[in-house]
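Visitor: One structure, pasted below without further comment.
The values are calculated or read from the model by the stated rules, or taken from the named source; none is laboratory data. Computed from a prediction, not measured in an experiment: that's the story for all the values here. Neighbour counts are summed over all protein chains in view; Cβ atoms, including those assigned to glycine, are modelled from backbone coordinates with ideal geometry. Quick note on the areas: whole protein, heavy atoms, side chains included, nothing else; ligands and nucleic acids left out. Shrake-Rupley method; radii C 1.70, N 1.55, O 1.52, S 1.80 Å.
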Amino acid sequence: MSETVLQELDDHGVLLLTLNRPQRKNAFSNEQWQAFGDVIEAAGENPAVACVVVTGAGKDFSSGVDLADFGESEGEHPFNACARKLVNFDKPVVSAAKGVAVGGGATLLLHTDVVYVGESLRMRFPFTSLGLVPEWGSSYQLQAVIGARRAAELMYTSEWLDAGKALSVGIATGVFSDEELLDKAMAKAREIAQWPVSSLVETKRLMRDVHRKAIHAAMDAEQAGMEKLAGKPENIEAVMAILEKRAPDFSQFRK
């Protein structure tokens, strides 16, 4: 069992999953993608699990992909495998996110059913600023959650969202203090978990199946877009700017 994802199943049927790389702001390593996907898959098959809560250890939810540990892998990459397992997961998921939720940390939240955030939340879909495209089906899912106009604004600008903005645009279900956030999420999960698991599963399928085909198609298209743009001069400039702690200069590519 990987220590990158902690598990705790309570007597109410609520499985608490904690992303556990706080020293890296819970940035996902290959090991952690694999572990999270495995845990989600197992939870789907475990009749004792009625609802899942996802949170992050320390001050942050997740800063997305750990670029220092995103190498090649045999077969389907754990990043993609994890995304597909979460999209196909048929039990309710409540998320409790505070601090940083960026990239994969933000797109993961779009695939949870109830999103509670702490007052310290700083969320961003940074893909255009990196010279890349959205991931994890977010090119579709963000529009499905908040509408095409608002989704376009957030994706095109790569702007930062605080907790209030996340709530007002419809990403967040509720905002709480960081101190009470997890308790509120667990209480809501237990409220959900009191009902028959079979009913919860069939209800989620009814609500989600209409979107799943489109999400999987979006993930395939996003992968093609990533392969097209990753390593291009604009992407390299964005990464170098981050490493050198400066603003990127994309104007050089418009001449």
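Visitor: Determine which member of the set Leu161, Leu167, Leu181 is closer than 20 Å to Glu135 by Cα and either surrounded by 15 or more Cβ atoms within 10 Å (Cβ to Cβ) or in contact with a Ser or Thr (Cβ under 8 Å, 6 or more places away or on another chain) (or both).
Guide: After applying the criteria, what remains is Leu161.
Visitor: Would a scan of the stretch 225-242 turn up a residue that is within 29 Å of Leu167 (Cα to Cα) and open to solvent by 60 Å² or more (accessible area, probe 1.4 Å)?
Guide: yes
Visitor: A further question follows. Taking Arg150, is it more than 16 Å from the chain's Cα centre (by Cα), farther than 26 Å from Asn80 by Cβ, without any contact (Cβ under 8 Å) to a residue 40 or more places away in the chain and in a helix (DSSP H, G or I)?
Guide: Numbers: more than 16 Å from the chain's Cα centre (by Cα): yes; farther than 26 Å from Asn80 by Cβ: yes; without any contact (Cβ under 8 Å) to a residue 40 or more places away in the chain: yes; in a helix (DSSP H, G or I): yes.
The answer is yes for Arg150.
Visitor: Considering only the stretch 16-31, how many residues are farther than 14 Å from Thr55 by Cβ, open to solvent by 20 Å² or more (accessible area, probe 1.4 Å) and among the polar types (S, T, N, Q)?
Guide: Total satisfying the criteria: 2.
Visitor: Against the condition closer than 29 Å to Val239 by Cβ, assigned to a strand (DSSP E or B) and open to solvent by less than 60 Å² (accessible area, probe 1.4 Å), how does Met123 come out, does it pass?
Guide: On the way: closer than 29 Å to Val239 by Cβ: yes; assigned to a strand (DSSP E or B): yes; open to solvent by less than 60 Å² (accessible area, probe 1.4 Å): yes.
The answer is yes for Met123.
Visitor: Do we find a residue being farther than 22 Å from Phe125 by Cβ and open to solvent by 50 Å² or more (accessible area, probe 1.4 Å) anywhere in the stretch 89-100?
Guide: No, there is no match, as no residue in the stretch 89-100 is farther than 22 Å from Phe125 by Cβ and open to solvent by 50 Å² or more (accessible area, probe 1.4 Å).
Visitor: Next question. Considering only residues that are over 28 Å from Leu206 (Cα atoms) and not charged (D, E, K, R), look in the stretch 104-124 and name the one that is farthest from the chain's Cα centre (by Cα). Talk me through it step by step, then tell me what you get.
Guide: Going through the stretch 104-124, the residues over 28 Å from Leu206 (Cα atoms) turn out to be 118-124.
Among the residues that remain, those that are also not charged (D, E, K, R) are: 118, 120-121, 123.
Working: Gly118: 16, Ser120: 17, Leu121: 14, Met123: 11 Å.
Among those residues, the one meeting the criterion is Ser120.
Visitor: Test of understanding: among Val175, Val197, which residue is touching a residue at least 24 places away in the same chain (Cβ under 8 Å) and more than 20 Å from the chain's Cα centre (by Cα)?
Guide: Every option except Val197 fails the conditions.
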